[in-house]
Amino acid sequence: MNLQYLKQIDPEIYEAVLKEIQREEEKIILIASENYASRAILEAQGSAFTNKYAEGYPERRYYGGCKYADEVETLAIERARKLFGADHVNVQPHSGTQANMAVFFSVLNPNDTILGMHLTHGGHLSHGSPVNFTGMLYKTFFYGVNKETGFIDMNEVREMAERCKPKIIVVGASAYSRIIDFEAFSKIAKENNALLLADIAHIAGLIAAGLHPSPIPHADFVTSTTHKTMRGPRGGMIMCKEKYAKIIDKMVFPGIQGGPLIHVIAAKAVAFKEAMTEEFKQYQQQVVRNAKRLAEKLKEFGFKIITNGTDNHLMLVDLRNMNITGKDAETALEIAGITVNKNAIPYDDKPASITSGLRLGTPSVTTRGMKEEEMDEIADMIYSAIKNFNKISVLKDISVKAKNLAKRFPVYSSL
Ligand code: DSN
């Protein structure tokens, strides 16, 4: 990357950027929600569009000079519509949570009822958590996963819907490794006169590649981020049925946001174009194959995987039989050169700051070209690091191995 101007003007930020590039290059990153965007996406996001105000929508702006911003946003919308088969798309939300906020504010009043997946069972903060605006503004109820199987308990979803009569049901997760039956959720929503919001932030790339059933035919609203399996810039988007197009657009702007980030929207457009390629489909297939292989290998080492495996890009590891908390495991693995996040497991008795689990995902390592063999190496390193979590010298030895593995799959020189 050519950072010559940054180096001259702001050496401190330049150094931080260099160190981040080095970190991303040298670490084995298994954070399920992270990825490496392409050079084309980075260029679009770093382009002159960062200078442009464009409040409003294409052809309906509150600023002059929006001719090219209009082109960019129109391309992003049209590509996303084609990619996901959506009636209407809004590409302006700055994040997944803001996309969800726009949906809730469009159709709910304060004190209305939301039914979402419990955070500790794999749901997301913005699906009703008490510490989030959703928990503060609305009456929130939750469904979860079966204690024995770890799968979403559709009987509980139905019972909860019948009991709490939600105005909206939210389906979608941040830490759930199995196929989600959007059609079944839609049936329950209809039976209870509820709207259905599907938040596909984690699995959007898999859906775009046809590797996970799409909620588009079943849900009233579909929200997503654009940077996880989608491998685009950080940001959000909303898809909805045509009848909600006007209220959604009005709620995003001027309802909850001001000027759209046209440079990010340009990068989103590039990501949608990349997602239409055969290469992207093959990438997503490899993401899933890698996740399955990593889960299998970890199981061979004695790790327990919630639901006993995975259908998508991530898995949740139950560490209780390994005598280590999620927090200590995260710390040990970081020293060993493997970046992960601690994660609550369903029915966890430890607080969110400690946890009994780890969430592992394969989008980043797959982008750098790793395949099943490398998942075997990574599983081996994870096992050694967890077994020796308090032996710094062993962790340091593993970190050399992790760095060597990373070196064989360069990131920035290959973007
Ligand atoms: N923080 C994201 C994740 O890691 O899944 C969700 O917003």
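The values are calculated or read from the model by the stated rules, or taken from the named source; none is laboratory data. If you're wondering where the values come from, they're calculated on a predicted model, not measured in any experiment. Please note: Cβ atoms are built from the backbone with ideal geometry, for glycine as well, and neighbour counts cover all protein chains shown. To get the accessible areas, we keep the full protein, side chains included, count just its heavy atoms, and leave off ligands, DNA and RNA. Shrake-Rupley method; radii C 1.70, N 1.55, O 1.52, S 1.80 Å.
Of 298, 333, all but one fail to be in a helix (DSSP H, G or I) and more than 22 Å from the chain's Cα centre (by Cα); the exception is 298.
Any residue at all in the stretch 368-375 that is free of Cβ contacts under 8 Å to residues at least 40 places away in the same chain and not in a helix (DSSP H, G or I)? Checked against the condition, which is being free of Cβ contacts under 8 Å to residues at least 40 places away in the same chain and not in a helix (DSSP H, G or I), the stretch 368-375 yields no hits at all.
Residues in the stretch 151-166 that are outside any helix (DSSP H, G or I) and touching a helix residue (DSSP H, G or I) at 6+ places or on another chain (Cβ under 7 Å): 151 only.
Going by the structure shown, is residue 337 under 30 Å from residue 279 (Cβ atoms) and either at pLDDT 95 or above or small (Gly, Ala, Ser) (or both)? Against the criterion (under 30 Å from residue 279 (Cβ atoms) and either at pLDDT 95 or above or small (Gly, Ala, Ser) (or both)), residue 337 qualifies.
Residues in the stretch 102-126 that are assigned to a helix (DSSP H, G or I) and within 13 Å of the ligand (Cβ to nearest atom): 119, 125, 126.
So, in the stretch 268-286, of the ones that are out of contact with any helix residue (DSSP H, G or I) (no Cβ under 7 Å at 6 or more places or on another chain) and in a helix (DSSP H, G or I), which residue ends up least open to solvent (accessible area, probe 1.4 Å)?
Residues of the stretch 268-286 that are out of contact with any helix residue (DSSP H, G or I) (no Cβ under 7 Å at 6 or more places or on another chain), as a first pass: 277-279, 281-282, 285.
Filter again for in a helix (DSSP H, G or I), leaving 278-279, 281-282, 285.
Values: 278: 112, 279: 102, 281: 83, 282: 97, 285: 63 Å².
Restricting to residues being out of contact with any helix residue (DSSP H, G or I) (no Cβ under 7 Å at 6 or more places or on another chain) and in a helix (DSSP H, G or I), the top hit is 285.
Restrict the check to the stretch 160-170 and report whether at least one residue is within 16 Å of the ligand (Cβ to nearest atom) and more than 30 Å from residue 278 (Cα to Cα). Looking through the stretch 160-170, at least one residue is within 16 Å of the ligand (Cβ to nearest atom) and more than 30 Å from residue 278 (Cα to Cα).
Looking across the stretch 209-236, the residues that are in contact with a Phe, Trp or Tyr (Cβ under 9 Å, 6 or more places away or on another chain) and under 29 Å from residue 193 (Cα atoms) come down to 213, 214, 215, 216, 217, 218, 219, 220, 221, 222, 224.
Counting the residues of the stretch 193-208 that are more than 13 Å from the chain's Cα centre (by Cα) and open to solvent by 10 Å² or more (accessible area, probe 1.4 Å) gives 4.
Only a single item in (1) part of a helix (DSSP H, G or I); (2) open to solvent by less than 50 Å² (accessible area, probe 1.4 Å); (3) among the polar types (S, T, N, Q) is not met by residue 310, and it is number (1). Is it true that some residue in the stretch 73-94 is more than 16 Å from the ligand (Cβ to nearest atom), assigned to a helix (DSSP H, G or I), touching a His at 6+ places or on another chain (Cβ under 9 Å) and open to solvent by less than 20 Å² (accessible area, probe 1.4 Å)? Checked the stretch 73-94: no residue is more than 16 Å from the ligand (Cβ to nearest atom), assigned to a helix (DSSP H, G or I), touching a His at 6+ places or on another chain (Cβ under 9 Å) and open to solvent by less than 20 Å² (accessible area, probe 1.4 Å).
Of all residues in the stretch 169-208, count the ones that are within 19 Å of residue 240 (Cβ to Cβ), of a type in the set (A, V, I, L, M) and assigned to a helix (DSSP H, G or I). The qualifying residues number 4. Filtered by the rule that a residue be in contact with a strand residue (DSSP E or B) (Cβ under 7 Å, 6 or more places away or on another chain) and either in contact (Cβ under 8 Å) with a residue 60 or more places away in the chain or at negative phi (or both), the stretch 96-111 gives 96, 98, 99, 100, 102, 103, 107, 108.
Of 296, 278, 274, which residue is closer than 30 Å to residue 120 by Cβ, at pLDDT 95 or above and of a type outside the set (Gly, Ala, Ser)?
Numbers: 278 fails: closer than 30 Å to residue 120 by Cβ; 274 fails: closer than 30 Å to residue 120 by Cβ.
None of the others qualify; the one that does is 296.
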